[in-house]
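**Student:** Got a structure here, written out as structure tokens. Questions coming.
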Amino acid sequence: MSIPDHYLTLEIEIDASDEEIRQAFRRLAKKFHPDKNPGGEKAAEQRFKKILAAYEVLSNQKSRDIYDRMVRASSAIARSNHEDDLRRKAKNDIACLCRLILFELLNQNAQSALEMYEELISEEQHFSFDLYMSDGDTRDCEFLLAEAYHQSGKLSKAARLYEKVLKREREKAYFRRFAQEIRLMLRDVYLQCIAKADCSEEVLANMEKILAMDLSKREFAWIYKKAAEAYYRTNDIDKAAKALKCAFEINPRLTGAKKISKKLGIIKGVAKARC
């Protein structure tokens with residue numbers, strides 16, 4: 001099924017601002033409202049429904065980001081040959097294999113895509129999608145692979161790809177507003193790594209990465225609390241106590257810390273530590 005062109009429907013550019021989207025909707029909704037088109041109500045109603053559907057998608061930032069990704073992905077698939085032909089060529093052509101990996105990711109076949117990607121990077125020591133695909137396709141592919149690794153619990157591999165995507169985003173914007181959501185995904189990966197850490201060094205390494213991110217004080221306090229729980233689990237009681245004290249120093253009203261506070265014998269606001 002083809003993807004409707006919501007930007008064309010609203011007669012706006014792809015990089016239109018929120019205000020431009022609202023203005024376009026008001027203008028077109030008024031122009032094509034059935035009540036404004038006597039004698040042509042049916043045609044006007046169909047056009048009005050398309051305008052409303054386009055506005056509902058583009059006026060919500062999250063749905064707009066998802067839609068933009070779908071459009072980019074659809075374009076990438078359209079540039080590829082038929083799936084069967086692509087699979088045949090992928091056996092001897094790395095460029096076709098890269099497009100096949102993206103195709104599989106877009107069609108929710110994450111495991112198949114990961115298997116092909118794993119085999120590819122094992123055979124090509126310095127493999128890079130940039131050598132075989134456009135910048136946009138490369139970024140979409142790397143992000144979707146990171147997401148697939150994340151969902152399958154392969155956190156370190158997910159983190160490396162998320163980090164790469166964000167590094168490229170700082171150099172040249174592509175995901176635009178969606179980049180913030182990618183940062184949150186990366187933060188969640190770090191937190192999961194902390195929760196599953198086998199030693200305090202691993203907790204510290206991921207803590208340093210999170211603390212370098214642009215987060216609110218409330219988030220930092222909560223992260224210190226999570227670190228305290230992880231340190232306690234790895235039997236590093238001193239670091240656990242320091243992390244929890246830091247959490248309370250940042251946010252004295254921190255909630256959800258009752259259990260770890262009891263284990264460490266720390267009362268809110270009593271002891272302070274330099275974070």
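**Student:** Provide the gained length on full extension for the span SER17 to HIS33, in nm with one decimal, where the gain is 0.36 nm per separating residue minus the Cα-Cα distance.
**Tutor:** Contour length minus the Cα-Cα distance gives 3.4 nm.
**Student:** Right, next: What is the angle, in °, between the Cα long axis of helix 94-106 and the longest principal axis of the Cα atoms in the chain? Nearest 10 is fine, range 0 to 90.
**Tutor:** It is inclined by approximately 80 degrees.
**Student:** Only one of the listed values, (i) 60, 43, 36; (ii) 78, 55, 29; (iii) 71, 67, 31, was derived from the coordinates as Cα extents along the principal axes in Å; which label is it?
**Tutor:** (ii)
**Student:** Tell me what the chain gives for mean residue ellipticity at 222 nm when only DSSP H runs of n ≥ 4 count, each as -39,500 (n - 2.57), the sum divided by the residue total, rounded to 500 deg cm²/dmol.
**Tutor:** Here the helix-only value at 222 nm equals -22500 deg cm²/dmol.
**Student:** Let me check I've understood the local charge: for LEU244, count other residues with C-beta under 9 angstrom from its C-beta, Lys and Arg +1, Asp and Glu -1. What total comes out?
**Tutor:** +2
**Student:** Take peptides 240-249, 49-58 and line them up by average Cβ neighbours within 10 Å, highest first, as a rough protection proxy.
**Tutor:** Top to bottom by mean Cβ count within 10 Å: 240-249, 49-58.
**Student:** Still on this structure: Relative to the longest principal axis of the C-alpha atoms of the chain, give the angle of the C-alpha long axis of helix 61-79, reported between 0 and 90° and rounded to the nearest 10°.
**Tutor:** 60 degrees
**Student:** If you take the C-alpha gyration tensor of the stretch 217-264, multiply each eigenvalue by 5 and take the square root, what semi-axes do you get, largest first, in whole Å?
**Tutor:** The equivalent ellipsoid of the stretch 217-264 has semi-axes of 16, 10, 8 Å.
**Student:** Placing unit charges on C-beta atoms (Lys and Arg positive, Asp and Glu negative, everything else neutral), compute the dipole magnitude of the stretch 1-59 about its Cα centre in debye, rounded to 20.
**Tutor:** 380 debye
**Student:** For helix 135-151, what angle does its Cα long axis make with the longest principal axis of the chain, in degrees from 0 to 90 and rounded to 10?
**Tutor:** Its long axis makes an angle of about 50 degrees.
**Student:** Would you work out the charge dipole size for the chain about its Cα centre, treating the Cβ of every Lys and Arg as +1 and the Cβ of every Asp and Glu as -1, and quote it to the nearest 20 debye?
**Tutor:** Magnitude of the dipole: close to 1680 debye.
**Student:** Suppose a student asked you for the relative contact order of the stretch 1-147, using Cα pairs under 8 Å spaced at least 6 residues apart; what percent would you report?
**Tutor:** 17 percent
**Student:** Sticking with this one: By average Cβ neighbour count within 10 Å, what is the ranking of 119-132, 18-31 from highest down?
**Tutor:** Going by the mean number of other Cβ atoms within 10 Å, highest first, we get 18-31, 119-132.
Since every read-out is calculated from the coordinates, none of them should be taken as a lab result. Just so we're clear, the structure is a prediction, and the values are computed from it rather than from any experiment. Here the Cβ is made from the backbone with ideal geometry for all residues, glycine too, and neighbour counts use every protein chain on show.
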